[in-house]
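Peer 1: Structure incoming, see below.
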């Protein structure tokens with residue numbers, strides 16, 4: 001979770017701006033002749049693109065690391081794209097509520113990734129499900145099925161690409177499985193519970209005090225006792241890595257990272273949106289490899 005600012009989705013009034021946006025979006029779709037997919041963030045946009053290949057067009061509403069999905073507000077153009085798209089993919093779990101709200105009234109398919117969590121993950125309420133490769137695989141399969149229904153000539157191609165994508169997800173699982181074998185219950189800290197499912201797959205022991213995490217994700221100052229507890233874990237070398245969200249850092253988290261480095265504790269940097277110049281598979285492979293390197 002990044003800063004848990006209360007999401008206020010703009011209500012788009014009927015008017016000239018919205019009408020123009022709808023017209024522009026429709027024109028783009030008709031010009032390409034391909035199914036259109038709108039993803040709430042570039043993370044899900046990358047997953048969708050892997051399945052779509054050259055046969056469908058994908059647009060991600062959030063790509064900038066400075067945009068917080070919790071507090072993002074749709075523009076008239078965003079709303080038009082969501083309503084007009086053949087398929088919408090969003091994270092769910094109150095992470096990107098702006099997209100969930102904007103899909104209301106749609107008669108076309110919409111995929112909520114959080115709702116597709118497997119039973120092993122559904123017991124958790126952590127919304128950062130793109131770090132759970134099982135959920136991501138389920139989303140890819142669902143994307144293929146929905147695209148195949150609206151674009152039957154390319155249905156098999158979508159299915160084949162989803163299968164190929166899922167097979168590559170297993171490479172990420174192989175890394176976390178090896179971590180679990182080599183470093184079972186390795187103690188770690190997080191500044192925010194972004195990589196919850198990555199740590200879960202690696203069988204790591206997240207020792208972050210929950211009140212500390214809650215304060216950071218709320219954008220408030222942690223209680224002095226909680227901050228002291230985190231520093232004691234680092235200075236006492238009671239954890240073997242710090243998983244650090246570089247996308248929403250502030251003075252408190254910067255200080256924690258500096259404390260970890262001074263104590264010789266490796267820092268594993270993570271983000272919420274896709275870094276420029278990579279795709280989902282490359283990004284999550286590097287995240288898993290970075291965790292393995294830190295614990296080694």
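Peer 1: If you check residue 21 against the conditions, is it modelled with pLDDT under 85, at negative phi and outside the structural domain of residue 270 (by TED's automatic domain parsing)?
Peer 2: Spelling it out, residue 21 is indeed modelled with pLDDT under 85, at negative phi and outside the structural domain of residue 270 (by TED's automatic domain parsing).
Peer 1: Let me ask something additional. Applying the selection to region 213-229, what residues are loosely packed, with under 13 Cβ neighbours inside 10 Å and either within 19 Å of residue 245 (Cβ to Cβ) or in contact with a strand residue (DSSP E or B) (Cβ under 7 Å, 6 or more places away or on another chain) (or both)?
Peer 2: 220
Peer 1: Please go through region 99-113 and give me each residue that is more than 18 Å from residue 149 (Cβ to Cβ) and surrounded by fewer than 24 Cβ atoms within 10 Å (Cβ to Cβ), ordered by number.
Peer 2: 100, 101, 104, 105
Peer 1: When the residues of region 193-212 are filtered to those that are closer than 15 Å to residue 241 by Cβ and at pLDDT below 95, which remaining residue is surrounded by the most Cβ atoms within 10 Å (Cβ to Cβ)?
Peer 2: Result: 194.
Peer 1: If you scan region 142-160, which residues turn out to be farther than 16 Å from residue 39 by Cβ and touching a helix residue (DSSP H, G or I) at 6+ places or on another chain (Cβ under 9 Å)?
Peer 2: Once the filter is applied, which keeps residues that are farther than 16 Å from residue 39 by Cβ and touching a helix residue (DSSP H, G or I) at 6+ places or on another chain (Cβ under 9 Å), region 142-160 yields 145, 148, 149, 151, 153, 154, 155, 156, 157, 159, 160.
Peer 1: When you scan region 103-113, do you find a residue that is assigned by TED's automatic domain parsing to the domain that holds residue 42, within 21 Å of residue 68 (Cβ to Cβ) and touching a strand residue (DSSP E or B) at 6+ places or on another chain (Cβ under 6 Å), even just one?
Peer 2: Within region 103-113 (the criterion being assigned by TED's automatic domain parsing to the domain that holds residue 42, within 21 Å of residue 68 (Cβ to Cβ) and touching a strand residue (DSSP E or B) at 6+ places or on another chain (Cβ under 6 Å)), the answer is yes, since at least one residue qualifies.
Peer 1: Determine whether residue 257 is in contact (Cβ under 8 Å) with a residue 12 or more places away in the chain, crowded, with 18+ Cβ neighbours inside 10 Å and in contact with a helix residue (DSSP H, G or I) (Cβ under 8 Å, 6 or more places away or on another chain).
Peer 2: Against the criterion (in contact (Cβ under 8 Å) with a residue 12 or more places away in the chain, crowded, with 18+ Cβ neighbours inside 10 Å and in contact with a helix residue (DSSP H, G or I) (Cβ under 8 Å, 6 or more places away or on another chain)), residue 257 does not qualify.
Peer 1: Now a separate question. Residues that are at pLDDT below 95 and either on the phi > 0 side of the Ramachandran plot or under 15 Å from the mean Cα position of the chain (by Cα) (or both), at least 3 per element: which strands (runs of 3 or more DSSP E) completely within region 81-192 meet that?
Peer 2: Counting at least 3 such residues, we get no strands (runs of 3 or more DSSP E) at all.
The values are calculated or read from the model by the stated rules, or taken from the named source; none is laboratory data. All values derive from a computational prediction rather than experimental measurement. Neighbour counts are summed over all protein chains in view; Cβ atoms, including those assigned to glycine, are modelled from backbone coordinates with ideal geometry.
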